[in-house]
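Engineer: Take a look at the following structure, please.
The values are calculated or read from the model by the stated rules, or taken from the named source; none is laboratory data. As the structure is a prediction and not an experimental result, all values here were calculated from the model. Here Cβ is always computed from backbone atoms with ideal geometry, including for glycine, and neighbour counts include all displayed protein chains. Quick note on the areas: whole protein, heavy atoms, side chains included, nothing else; ligands and nucleic acids left out. Shrake-Rupley method; radii C 1.70, N 1.55, O 1.52, S 1.80 Å.
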Amino acid sequence: MNIGKPGILSVVATPIGNLGDLSPRAVEALRAASVIAAEDTRHSRPLLQHFGVATPLTAMHEHNERAAVASLIAKLQAGADIALISDAGTPLVSDPGFRLVRAAREAGIDVVPVPGACAAIAALSVAGLPSDRFVFEGFLPAKAAARRERLRELADEARTLVIYESSHRIAECCADLRDAFGAEREARLLRELTKLHETCLGATLGEIAKRVASDPEQRLGECVLVVAGRGEEADAKLAEGRRVYALLRAELAPAQAAKLAAAISGAPRKVLYGP
Ligand code: SAM
């Protein structure tokens, strides 16, 4: 407790599987805080017990975030140091916390990161795909039509894409990616990072989609997709595909024109014309 001055909000990363990834500095920040704001207190309690952290917990998740933020900001202003954690990995990365961090900044409260595990960065670091520039896409829309629409928008992205997906949608997602970006696009499916059954499946979207559809084991656990950006060769195919499509479109229905243009140029049909 800081008498007469506001407390500090620490944003603390927790492991995505392997408990050895909780840093000594994270343990210290969690022990020193007056309160830990956790996405799910029942989920985090065993982790905190394992590290001998006895700090009281309070819940802050997407359903109570507004009310929880007001109460946490009041505590910070009264001098309490608060640590924010999520169920796994780095808070705010496809996890709650944005409203709290923003409100703290607006209130002039110091916000400090205690960095650590993040599935997106862990996946990118081992995928072996260009990592100098990348885009974190997070979760794609759950509904098929919206997901396919989003993938059409992303098909021209030149930077490596990092995508989170839940195990029960991974087969559909891989099939949609293959259809939107083409079967030859380089990609990796990283599953169960830092855990016992960690795997890296590659090397193209076509291969990944096929394997995920035929092998139920590849649909288990948590996963990240890392997909190469559109390369120069793909660029040339796409330009040719669009040129041929425009020519054929003058004579044929869109679907037929796209089918032929894709066969002639090698560009993915769904990029030339959905659905
Ligand atoms: N905040 C977390 C982070 O820093 O990575 C992500 C939270 S998000 C709700 C959960 C998603 O992260 C999962 O659906 C999966 O896509 C990915 N993920 C989390 N842990 C993972 C792991 N050990 N291996 C692979 N993907 C993981």
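Engineer: Is there any pair with a first residue in region 105-120 that is in contact (Cβ under 8 Å) with a residue 60 or more places away in the chain and a second that is more than 16 Å from the ligand (Cβ to nearest atom) and open to solvent by 90 Å² or more (accessible area, probe 1.4 Å) whose Cβ atoms are under 8 Å apart and which are 6 or more apart or on different chains, and what are they?
Structural biologist: A107/Q77; I109/Q77; V111/R105; V114/R25
Engineer: Would you check if R269 is among the basic types (K, R), open to solvent by 70 Å² or more (accessible area, probe 1.4 Å), at pLDDT below 90 and closer than 28 Å to I163 by Cα?
Structural biologist: Answer is yes for this residue.
Engineer: Taking region 195-223, which residues are among the aliphatic types (A, V, I, L, M) and either out of contact with any Lys or Arg (no Cβ under 8 Å at 6 or more places or on another chain) or more than 15 Å from the ligand (Cβ to nearest atom) (or both)?
Structural biologist: L196, A203, L205, A209, A213
Engineer: Considering only residues that are closer than 19 Å to G182 by Cβ and open to solvent by less than 80 Å² (accessible area, probe 1.4 Å), which ones fall in region 233-247?
Structural biologist: A234, D235, A236, K237, L238, A239, E240, G241, V244, Y245
Engineer: Out of the residues in region 78-94 meeting the condition of being aliphatic (A, V, I, L, M) and at negative phi, tell me which one is surrounded by the fewest Cβ atoms within 10 Å (Cβ to Cβ).
Structural biologist: Per the criteria, the residue is A78.
Engineer: Here's a check for you: in region 95-117, which residue that is within 15 Å of the ligand (Cβ to nearest atom) and open to solvent by less than 50 Å² (accessible area, probe 1.4 Å) is nearest to T194 (Cα to Cα)?
Structural biologist: A117
Engineer: Tell me which residues, restricted to region 161-190, are more than 13 Å from the chain's Cα centre (by Cα) and within 15 Å of the ligand (Cβ to nearest atom).
Structural biologist: If the condition is that a residue be more than 13 Å from the chain's Cα centre (by Cα) and within 15 Å of the ligand (Cβ to nearest atom), then S167, H168, R169, I170, A171, E172, C173, C174, L177, A187, R188 are the ones that fit.
Engineer: Please verify whether region 76-90 includes one or more residues that are hydroxyl-bearing (S, T, Y) and within 16 Å of the ligand (Cβ to nearest atom).
Structural biologist: yes
Engineer: Any idea how many residues of region 222-249 are farther than 27 Å from A171 by Cα and either of a type in the set (A, V, I, L, M, F, W, C) or not in a helix (DSSP H, G or I) (or both)?
Structural biologist: 6
Engineer: Taking the condition farther than 25 Å from R133 by Cβ and in contact (Cβ under 8 Å) with a residue 40 or more places away in the chain, does A213 pass?
Structural biologist: Considered against the rule, which asks whether it is farther than 25 Å from R133 by Cβ and in contact (Cβ under 8 Å) with a residue 40 or more places away in the chain, A213 comes out as yes.
Engineer: So which strands (runs of 3 or more DSSP E) are wholly in region 136-221 and hold at least 2 residues that are surrounded by 19 or more Cβ atoms within 10 Å (Cβ to Cβ) and not polar (S, T, N, Q)?
Structural biologist: 160-165, 187-191
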